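Inspection log for the structure reproduced underneath, given as structure tokens.
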Amino acid sequence: MRPATKLQRTSLVDQAVEQLRTEIINGSLPPGTPLPEVQVSEWLGIARPTVREVLLRLQNDGLVQKHGRGVALAVTRITRDQMVDIYVARFHLETAGARSFATAAPSAREELDQSLEALDAAIASADRFTQLRLEARCHTAVVGLTGSQRLVTAHTQLMVEARLAAITAGVVDHEIVMANHHKFVDLLRAGQAEAACQQLGERMNAARGRLLKNLPE
């Protein structure tokens, strides 16, 4: 059996990673914010060796990056080229899911329905961050129709990066138009996968255009 101290430390790392991840994704720690070990240690009340492990996890997830030798890690700032690539990758993954709807497992279709219902409920009652998180869940549920957990994992990471791009561009509070989500799913249910893909592409192009207006050259 593992020593209790090791389990406790692992739990501490997980908690610290989740706390910083949340603060990065909700914009409390904006892109470019330096994260020196000493300061993070003071913020979270944990030892510097633990901070190093936490920052390494965040770096592996693409949430923090180095901006030069001898410089502290900082919250990732998404460039224009990276943002365009994020949306290209998202489009290919989500259209793959849309085209898999007819043959998708019942559990995958159920997850799509449940994610849409949760977003519907959140629009009326939840905070803005929860709404955006649930909207990301809807998009990832589309990818889940492929039946590939690897693609779902890749898309989950892309949605984090898309959120960072929005924060970098200062476009953090876009309007969620539920009619668009419902129309997309209705097209899938009607067997019109290509029409659904076209509608999705139009929505993504509009979102990408908003970001491009605000991201620096």
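The values are calculated or read from the model by the stated rules, or taken from the named source; none is laboratory data. Keep in mind the model is a prediction, meaning the values are calculated, not measured. Counting neighbours? That spans all protein chains shown, and the Cβs are built from the backbone with ideal geometry, glycine included. To get the accessible areas, we keep the full protein, side chains included, count just its heavy atoms, and leave off ligands, DNA and RNA. Shrake-Rupley method; radii C 1.70, N 1.55, O 1.52, S 1.80 Å.
Observations, loosely collected:
- In the chain, the longest principal axis of the Cα atoms and the axis of helix 193-214 are about 40 degrees apart.
- Rolling a 1.4 Å probe over the protein heavy atoms gives the stretch 41-131 an accessible area of 54 Å² per residue.
- Here the accessible area of the chain is 53 percent carbon and sulfur, with a 1.4 angstrom probe and all protein chains present.
- Between the helical axis of 80-99 and the longest alpha-carbon principal axis of the chain there is an angle of about 50 degrees.
- Neighbours of Ala102, meaning other residues whose beta-carbon lies under 11 angstrom from its beta-carbon, give a summed charge of +3 when Lys and Arg score +1 and Asp and Glu score -1.
- A Gaussian network model of the chain, with springs between Cα atoms under 10 Å, assigns the largest mean-square fluctuation among Gly32, Gly45, Gly170 to Gly45.
- Placing unit charges on the Cβ atoms of the charged side chains and taking the dipole of the chain about its Cα centre, the candidate lying farthest along the positive direction among Pro34, Thr156, Ala195 is Pro34.
- Cβ charges +1 (Lys, Arg) and -1 (Asp, Glu), total dipole of the chain, debye: 660 debye
- Principal-axis tilt of helix 178-189 within the chain, Cα atoms, nearest 10 degrees: 60 degrees
- The stretch 148-198 - accessible surface per residue (Å², probe 1.4 Å): 51 Å²
- Value at 222 nm in deg cm²/dmol, rounded to 500, when DSSP H runs of n ≥ 4 in the chain each add -39,500 (n - 2.57): -24000 deg cm²/dmol
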